[in-house]
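Colleague: First, the structure itself, so that you have it in front of you.
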Amino acid sequence: MALKTRTAKFDLLTDDDLTPYQAVALIERAAALKAERAAGKPHDHLLRGKTLAMIFQKPSTRTRVAFEAGVAQLGGHALYLSTNDLQLGRGETIADTGAVLSRYVDGIMARVHKHEDVVALAAAATVPVINGLSDLAHPTQGLADMLTIKEHLGGWRGHKLTYVGHANNMAHSLALAGALVGLDVCIASPAIAQPHPAIIQRAIAIGATTGATITVVDDPREGVAGADIVYTDVWVSMGQEVSPDVLAALQPFQVNDALMEYARPEALFMHCLPMYRGQEVTAEVADGPTSVIYDQAENRLHLHKALLVETMSDHVDSIFA
Ligand code: CP
Ligand code: NVA
């Protein structure tokens, strides 16, 4: 039977480029690929002959390795391109870079400082573009985290994730990804480090269709009350400067045993990594019995593979058909 062909290229710039149906189907594809790998069932035909270009304006451990290993497991080839390896570092435009790379490769993953850069790249590229982290969002992490939550809690509905700390790219992606799958998300951040209002409005609108509630508070204890999952991220993101005022305001938002007392018993602790033990989270919580940080890191691999299969493979009925 003929496979359904994609009608247009799909770009993942923020989590909400997916519909709720597509987000759940993508996570199910990731779980299926994970099960195949665990069973030793090869799937290296899925991207045979395909190439992914990976542009990095900032460092990476998980994103780079999980994409590169994932492409290899699917039978394709991934190219690591730091800004300094590209003419981008000498002032070639993002648009020219996207247009030219599209003549060679089947997909582009880009980690950029400014979100506008990944938007410009996607506009110029004729192949799918995946945001591997920008200052606005980190969609591959947010979506992979939904797989981790499903594995540990059995599903999303009726569960509450509280993000505590600086309301950065990670907070934005969790609000959007949670809204897509029906997970309640609360963001607890100081008044001077709150999330982008347009992102929250968008997440609330999606949540209205999936049954998820999206809330923002400025009190960490109020936010964590009744949470099934407590999530935090660094107070200073890559390439950013945070004023002493913001750092001072963040002190009560450290995730420690005292704050975890307000969450549900056995609440999961999550962090996208890298982390700074002793700043946004204590080592006791980060390395405690309910921490799932390494499961999160592993699930990047499976989610990335699912995304590449859905956007680039000629061997599946794509969710973007
Ligand atoms: N979580 C994450 O994206 O990690 P890296 O910065 O190591 O890619
Ligand atoms: N907020 C962090 C996430 C790193 C994966 C950063 O942007 O540096």
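Colleague: So Thr61 fits all but one of (1) open to solvent by 70 Å² or more (accessible area, probe 1.4 Å); (2) away from ligand 2 (no atom under 16 Å from the Cβ); what number is the exception?
Modeller: Only one criterion in (1) open to solvent by 70 Å² or more (accessible area, probe 1.4 Å); (2) away from ligand 2 (no atom under 16 Å from the Cβ) is unmet by Thr61, namely (2).
Here's the yes/no breakdown for (1) at positive phi; (2) out of contact with any Phe, Trp or Tyr (no Cβ under 9 Å at 6 or more places or on another chain); (3) among the aromatic types (Phe, Trp, Tyr):
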residue: Ala35; (1), (2), (3): no, yes, no
residue: Gly40; (1), (2), (3): yes, yes, no
residue: Val65; (1), (2), (3): no, yes, no
residue: Ala72; (1), (2), (3): no, yes, no
residue: Gly75; (1), (2), (3): yes, yes, no
residue: Ser82; (1), (2), (3): no, no, no
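Colleague: Looking only at the stretch 6-17, decide whether some residue is among the hydroxyl-bearing types (Ser, Thr, Tyr) and either part of a helix (DSSP H, G or I) or away from ligand 1 (no atom under 16 Å from the Cβ) (or both).
Modeller: As a first pass, look at the stretch 6-17 and keep what is among the hydroxyl-bearing types (Ser, Thr, Tyr): 7, 14.
Then keep just the ones that are either part of a helix (DSSP H, G or I) or away from ligand 1 (no atom under 16 Å from the Cβ) (or both); that gives 7.
So far as the stretch 6-17 goes, yes, one or more of its residues are among the hydroxyl-bearing types (Ser, Thr, Tyr) and either part of a helix (DSSP H, G or I) or away from ligand 1 (no atom under 16 Å from the Cβ) (or both).
Colleague: I've got another one for you. Please work out which one of (1) open to solvent by less than 70 Å² (accessible area, probe 1.4 Å); (2) touching a residue at least 60 places away in the same chain (Cβ under 8 Å); (3) closer than 17 Å to Asn168 by Cβ is the condition Ser243 fails and give its number.
Modeller: (2)
Colleague: Can you pull out the residues in the stretch 71-83 that are in a loop (DSSP other than H, G, I, E, B) and buried (at least 18 other Cβ atoms within 10 Å of the Cβ)? It would help to see each step written out before you state the result.
Modeller: Initial filter on the stretch 71-83 (in a loop (DSSP other than H, G, I, E, B)): 74-76.
Residues satisfying the conditions are Leu74, Gly76.
Colleague: Of all residues in the stretch 248-295, how many are away from ligand 1 (no atom under 16 Å from the Cβ) and assigned to a helix (DSSP H, G or I)? First the steps, then the outcome.
Modeller: Taking the stretch 248-295 and keeping what is away from ligand 1 (no atom under 16 Å from the Cβ), we get 248-268, 278-279, 282-285, 287-290.
Add one more test, that the residue is assigned to a helix (DSSP H, G or I), and what stays is 248-253, 257-260, 283-285.
Residues meeting the conditions: 13.
Colleague: Also, quick follow-up: Pairs please, first residue from the stretch 50-77 and among the acidic types (Asp, Glu), second anywhere and away from ligand 2 (no atom under 12 Å from the Cβ), Cβ atoms under 8 Å, 6+ apart in sequence or on different chains.
Modeller: From the stretch 50-77, the pairs are Glu68/Met54; Glu68/Ala78; Glu68/Tyr80.
Colleague: Mind checking whether some residue in the stretch 117-137 is out of contact with any helix residue (DSSP H, G or I) (no Cβ under 7 Å at 6 or more places or on another chain) and within 16 Å of ligand 2 (Cβ to nearest atom)?
Modeller: Looking through the stretch 117-137, at least one residue is out of contact with any helix residue (DSSP H, G or I) (no Cβ under 7 Å at 6 or more places or on another chain) and within 16 Å of ligand 2 (Cβ to nearest atom).
Colleague: Collect the residues in the stretch 123-142 that are crowded, with 24+ Cβ neighbours inside 10 Å and either more than 12 Å from ligand 1 (Cβ to nearest atom) or at positive phi (or both), keeping them in residue-number order.
Modeller: Initial filter on the stretch 123-142 (crowded, with 24+ Cβ neighbours inside 10 Å): 125, 128-134, 137-142.
Residues satisfying the conditions are Ala125, Pro128, Val129, Ile130, Leu133.
Colleague: Does Gly178 satisfy being surrounded by fewer than 24 Cβ atoms within 10 Å (Cβ to Cβ), modelled with pLDDT of 95 or more and farther than 13 Å from Val217 by Cβ? Full working, then the answer.
Modeller: Numbers: surrounded by fewer than 24 Cβ atoms within 10 Å (Cβ to Cβ): no; modelled with pLDDT of 95 or more: yes; farther than 13 Å from Val217 by Cβ: yes.
The answer is no for Gly178.
One line per residue, one yes/no per condition, for (1) in contact with a Ser or Thr (Cβ under 7 Å, 6 or more places away or on another chain); (2) open to solvent by 60 Å² or more (accessible area, probe 1.4 Å):
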| position | (1), (2) |
| --- | --- |
| Thr7 | no, yes |
| Val24 | no, no |
| Ala30 | no, no |
| Arg37 | no, yes |
| Asp44 | no, yes |
| Thr51 | no, no |
| Gln57 | yes, no |
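Colleague: When the stretch 261-279 is examined, which residues are found to be within 15 Å of Arg221 (Cα to Cα) and either out of contact with any helix residue (DSSP H, G or I) (no Cβ under 6 Å at 6 or more places or on another chain) or within 16 Å of ligand 2 (Cβ to nearest atom) (or both)?
Modeller: Result: Glu261, Arg264, Pro265, Ala267.
Colleague: Among the candidates Val216, Val234, Val185, which residue alone is within 16 Å of ligand 2 (Cβ to nearest atom) and β-branched (Val, Ile, Thr)? Full working, then the answer.
Modeller: Values: Val216 fails: within 16 Å of ligand 2 (Cβ to nearest atom); Val185 fails: within 16 Å of ligand 2 (Cβ to nearest atom).
Sole residue among the options that is within 16 Å of ligand 2 (Cβ to nearest atom) and β-branched (Val, Ile, Thr): Val234.
Colleague: So how many residues does the stretch 214-240 have that are outside any strand (DSSP E or B), of a type in the set (A, V, I, L, M) and crowded, with 21+ Cβ neighbours inside 10 Å? Please lay out each step first, then the result.
Modeller: Keep residues of the stretch 214-240 that are outside any strand (DSSP E or B), which gives 218-228, 233-240.
Still in the running and of a type in the set (A, V, I, L, M): 224-225, 227, 234, 236, 238.
Of the ones still in play, those that are also crowded, with 21+ Cβ neighbours inside 10 Å are 224, 227, 234.
Of the residues in the stretch 214-240, 3 are outside any strand (DSSP E or B), of a type in the set (A, V, I, L, M) and crowded, with 21+ Cβ neighbours inside 10 Å.
Colleague: Scan the stretch 84-97 and tell me whether some residue there is closer than 19 Å to Leu13 by Cβ, buried (at least 19 other Cβ atoms within 10 Å of the Cβ) and not hydrophobic (A, V, I, L, M, F, W, C).
Modeller: Taking every residue of the stretch 84-97 in turn, at least one turns out to be closer than 19 Å to Leu13 by Cβ, buried (at least 19 other Cβ atoms within 10 Å of the Cβ) and not hydrophobic (A, V, I, L, M, F, W, C).
Colleague: Here's something else I'd like to know. Could you identify the single residue in Thr140, Thr126, Thr148 that is β-branched (Val, Ile, Thr), out of contact with any Gly (no Cβ under 6 Å at 6 or more places or on another chain) and under 17 Å from Ser60 (Cβ atoms)?
Modeller: Details: Thr126 fails: under 17 Å from Ser60 (Cβ atoms); Thr148 fails: under 17 Å from Ser60 (Cβ atoms).
Unique residue meeting the criteria: Thr140.
The values are calculated or read from the model by the stated rules, or taken from the named source; none is laboratory data. Here the structure is a predicted model, which is why all the values come from computation and not from measurement. Ideal geometry is used to build each Cβ from the backbone, glycine not excepted, and the neighbour counts take in all protein chains shown. The accessibility values were calculated without ligands, DNA or RNA, using every heavy atom of the protein model including side chains. Shrake-Rupley method; radii C 1.70, N 1.55, O 1.52, S 1.80 Å.
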